[in-house]
Amino acid sequence: MTASPTSPSFSLVSVVMCTYNGEKFLREQLDSIVQQSYPIHELLIQDDQSTDRTTEIIKEYQARYPFIRLHINEKNLGFNANFHTALCSATGDFISISDQDDVWHPDKLKEMMACIGDKAMCFSFSATSQDHSIDDIERRLNNNESLERLLFSNCVPGHSMLLRRSMIEKIPFWDDNVLYDWWLAINAQLYGGVARCNKILTNHRVHQESAMSLFYQKNYKKAKPYLPYLKGYQSYRALRKKESWQKFYRHIYRESNGQKELNTAHRIVDAMLGKSFFSFLKLCLFCTIHKDKIAARKKINHLRAFFYPCFYAYKNKCFNDRAFHD
């Protein structure tokens, strides 16, 4: 549908897209959004000072679809702050996040709205060139989105999310040194829980010019497999000194306290915040006991599970100042 919903039976859904020099694939994504079977309240596009024809293309679509809103940042914010500020500008009851270079299934919003129920967030699966079915994805990944797993890395990419705006409004602070989608997934688990839609609803385009590809090219290089065992604890000690790291985990510790279903995650964070080597060993033991909840891959042996905090910390750039600003 290409018009805003008028029936009271429809909840208002905003789609938030952030753009930067995305002219190559933008039309295909915009076409897939405006042709959604669920009515769209607004398509809010926030451009981060593109230097190509991105804004020209958006204005062309805006002339045909009045629910498209375009905002051009006064200065380049970087993709992380760009998404953060755009999300806070959306006015719908629910917010779906869009990359500039994917393609949506025609029923993506309809399926996710049917799935979210009373949860704070719903996510669906995305297919890349190597994935052809849910079975392909499940064979490769340990598909759990528990808070225990989210403590160490994000497993719910922004382009797969549908969120309640009321949940976003509960988030007490934003730190643009932390990936926006990781922060959203964490807070969704803290403030209402997460629903999974077991359908592939996005064709996710993986290419060298995407924001996340550029981030990983800049910040991560493949390490020799033994180095996390040797240098992981040193990296962990350095990581936990960062102000962003402390704010991140103190928030989780505080908000998970007293929530029975989050008790295991609360105890893990308690060990993470401990300053002693004993607390670190306690954390390693927790990771061994709960290895199936924290691991990204389906199979992880006990040795690697014990040293999981070392692998998490070694060359971790997720809390670096300005890591997501360029």
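The values are calculated or read from the model by the stated rules, or taken from the named source; none is laboratory data. Note that the coordinates shown come from a computational prediction; the quantities given were computed from them, not determined experimentally. Every residue, glycine among them, receives a Cβ derived from its backbone with ideal geometry; neighbour counts consider all protein chains shown.
I'd like the full set of residues that are farther than 19 Å from Cys88 by Cβ, of a type in the set (S, T, N, Q) and not in a loop (DSSP other than H, G, I, E, B), limited to region 23-75.
Scanning region 23-75 gives Gln29, Ser32, Thr54, Thr55, Gln62.
Across region 120-143, what is the total count of residues that are modelled with pLDDT of 80 or more and either part of a helix (DSSP H, G or I) or more than 17 Å from Arg205 (Cβ to Cβ) (or both)? Spell out the reasoning first.
Of region 120-143, the ones modelled with pLDDT of 80 or more are 120-127.
Checking the rest, the ones that are also either part of a helix (DSSP H, G or I) or more than 17 Å from Arg205 (Cβ to Cβ) (or both) come to 120-123.
So the count comes out to 4.
Kindly establish whether Asp181 is at pLDDT below 95, crowded, with 17+ Cβ neighbours inside 10 Å and in the same structural domain as Glu42 (by the TED database).
On the way: at pLDDT below 95: no; crowded, with 17+ Cβ neighbours inside 10 Å: yes; in the same structural domain as Glu42 (by the TED database): yes.
In short, no.
Yes or no, residue by residue, for (1) in contact (Cβ under 8 Å) with a residue 60 or more places away in the chain; (2) among the aliphatic types (A, V, I, L, M); (3) more than 21 Å from Ser235 (Cβ to Cβ):
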position: Gly274; (1), (2), (3): no, no, no
position: Ser279; (1), (2), (3): no, no, no
position: Leu303; (1), (2), (3): no, yes, no
position: Phe319; (1), (2), (3): yes, no, no
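Could you say whether any residue in region 145-152 is small (Gly, Ala, Ser), more than 22 Å from Val103 (Cα to Cα) and buried (at least 22 other Cβ atoms within 10 Å of the Cβ)? Quick ask: steps written out before the conclusion?
Kept after step one, since they are small (Gly, Ala, Ser), are these residues of region 145-152: 146.
When the remaining residues are screened for being more than 22 Å from Val103 (Cα to Cα), the result is 146.
From the residues that got through so far, the ones that are buried (at least 22 other Cβ atoms within 10 Å of the Cβ) too are none.
Scanning region 145-152 turns up no residue that is small (Gly, Ala, Ser), more than 22 Å from Val103 (Cα to Cα) and buried (at least 22 other Cβ atoms within 10 Å of the Cβ).
Say whether the condition of being at pLDDT 95 or above, surrounded by 11 or more Cβ atoms within 10 Å (Cβ to Cβ) and either under 19 Å from the mean Cα position of the chain (by Cα) or of a type in the set (Val, Ile, Thr) (or both) is met by at least one residue in region 214-230.
Initially, region 214-230 is screened for residues at pLDDT 95 or above, giving none.
Within region 214-230, none of the residues are at pLDDT 95 or above, surrounded by 11 or more Cβ atoms within 10 Å (Cβ to Cβ) and either under 19 Å from the mean Cα position of the chain (by Cα) or of a type in the set (Val, Ile, Thr) (or both).
Identify all residues within region 154-175 that are crowded, with 21+ Cβ neighbours inside 10 Å and more than 13 Å from the chain's Cα centre (by Cα); write none if there are none.
Correct list: Arg164 only.
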